[in-house]
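Step one of this worksheet: look at the structure below.
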Amino acid sequence: MASRNCLMRLKTFQLSSFNPPNGIAFSRGFGASPPVFQIKWLQAVSHAEKVVGNPTFLDLESVTSHEISNMAVYLKNLIKTGHPLTSTVKELLNPKAKKDLTRGLLVLLVSKAGKHKANEDILPNQRKLAEITEQIHTAHIIHSGIINLPTPNENLEKGNKMAILCGDFIQSRSSIRLAEFKNIKIIELFGQAIADFSAVEFIDEDTYCALDLWTQKTKMRYGTLLSNACQSTLILGGDMDLLESAKNFGLEIAFAWQANIDLQSYKSTTKKEEHILTKLFPPGTPFEEILLIFEAVRDKHINASLEILAKFPQNDACLALCDIAKALNY
């Protein structure tokens with residue numbers, strides 16, 4: 001629980017402290033309409049997919065591998081257990097119904113954004129890396145769905161075992177594919193991301209203030225993977241002059257993305273007192289104040305993402321990334 005000193009630190013993230021680029025008007029009011037965000041977001045994602053050739057990621061039922069086909073059967077069995085992870089599993093088995101941005105798409109956009117010549121295309125290995133990034137993230141989400149059971153429950157125990165099996169399988173397959181690059185640096189970068197997935201579960205929360213705790217957990221759960229994947233794809237493309245920018249962009253867009261997810265959830269819930277954002281602040285903190293503080297946090301990272309993208313060649317992929325970052329603001 002954050003102390004009042006921590007809250008005062010959070011209040012320093014006021015909207016007036018930012019100078020948004022390109023005339024962006026940051027932060028809406030408490031009652032901002034989610035449909036506005038959805039329209040802008042889906043438009044940005046749809047355009048981005050066209051820029052990189054409408055990629056698909058981890059369609060388990062369309063892969064001919066016998067092992068992957070068996071894994072799809074296990075995932076379907078997980079649905080029957082009533083395990084809370086079933087919503088994620090349903091998305092995996094029906095990717096065409098998924099209307100969200102993928103990590104793989106961002107990696108492909110960074111791959112193309114790093115090209116200094118207009119006629120350069122994304123390399124096959126860069127596309128492969130984007131697929132691996134999405135697979136590792138999916139394995140992490142499946143593993144994160146394992147639940148603690150205070151009392152025995154046969155169905156949920158079965159669901160936990162299947163979640164471990166499926167997550168381990170997807171992660172091991174992605175590790176094998178990573179090794180095929182024969183690039184120690186890339187293997188180390190992805191190894192760090194996988195290590196962070198595990199380490200985040202053992203953070204000593206008492207040593208962090210509210211925003212610091214959210215930042216550290218978000219970095220370890222989502223930021224490290226995206227940051228390191230963005231670096232890795234430019235290594236494969238030979239665009240070494242932009243490595244640091246790619247690293248920083250991956251981290252900043254991960255923060256902005258997760259902050260927006262938390263904000264949309266916070267705005268839509270009728271039980272704000274039970275929400276993760278409310279629990280970051282001292283008891284009695286007004287809901288409107290929590291919203292404004294976290295909107296400022298999100299906008300800070302959107303702003304940082306756009307500033308980093310200004311260092312990339314201003315091609316169609318870079319502009320698509322800018323559109324995605326701006327869409328997070330609505």
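The values are calculated or read from the model by the stated rules, or taken from the named source; none is laboratory data. Owing to the predicted nature of the structure, the values given are computational and were not obtained by experimental measurement. Quick reminder, even Gly has a Cβ in these numbers, built from the backbone with ideal geometry, and neighbours come from all protein chains shown. Surface areas here come from the heavy atoms of the whole protein model, side chains and all, with no ligands, DNA or RNA. Shrake-Rupley method; radii C 1.70, N 1.55, O 1.52, S 1.80 Å.
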Could you list, in sequence order, all residues of the stretch 196-242 that are small (Gly, Ala, Ser), part of a helix (DSSP H, G or I) and free of Cβ contacts under 8 Å to residues at least 40 places away in the same chain?
198, 199, 223, 227
Conditions (1) in a helix (DSSP H, G or I); (2) touching a helix residue (DSSP H, G or I) at 6+ places or on another chain (Cβ under 9 Å); (3) modelled with pLDDT of 80 or more -> residue 122 fails only (1)
Is there a residue in the stretch 102-113 that is farther than 16 Å from residue 83 by Cβ and in a loop (DSSP other than H, G, I, E, B)?
yes
Matching residues in the stretch 159-194 - criterion: being of a type outside the set (A, V, I, L, M, F, W, C), touching a Lys or Arg at 6+ places or on another chain (Cβ under 9 Å) and either open to solvent by 80 Å² or more (accessible area, probe 1.4 Å) or in a loop (DSSP other than H, G, I, E, B) (or both)
180
Show the residue pairs meeting these rules: Cβ distance below 8 Å; 6+ apart or different chains; first residue within the stretch 247-270 and outside any helix (DSSP H, G or I); second residue open to solvent by 10 Å² or more (accessible area, probe 1.4 Å).
269/275
Hey, can you tell me all the residues within the stretch 148-158 that are open to solvent by 90 Å² or more (accessible area, probe 1.4 Å) and closer than 13 Å to residue 86 by Cα?
158
Please go through the stretch 268-314 and pick out each residue that is among the basic types (Lys, Arg) and buried (at least 18 other Cβ atoms within 10 Å of the Cβ).
298, 300
Residues in the stretch 187-245 that are within 26 Å of residue 310 (Cβ to Cβ) and basic (Lys, Arg): how many?
1
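Which members of the stretch 106-142 meet the condition of being open to solvent by 50 Å² or more (accessible area, probe 1.4 Å) and either under 21 Å from residue 45 (Cβ atoms) or not hydrophobic (A, V, I, L, M, F, W, C) (or both)?
At the first step, the residues of the stretch 106-142 found to be open to solvent by 50 Å² or more (accessible area, probe 1.4 Å) are 116-121, 123-125, 127, 131.
Answer for the stretch 106-142, where residues must be open to solvent by 50 Å² or more (accessible area, probe 1.4 Å) and either under 21 Å from residue 45 (Cβ atoms) or not hydrophobic (A, V, I, L, M, F, W, C) (or both): 116, 117, 119, 120, 121, 124, 125, 127, 131.
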Have a look at 210, 179, 193, 199 and point out the one that is of a type in the set (Gly, Ala, Ser) and farther than 30 Å from residue 280 by Cα.
179
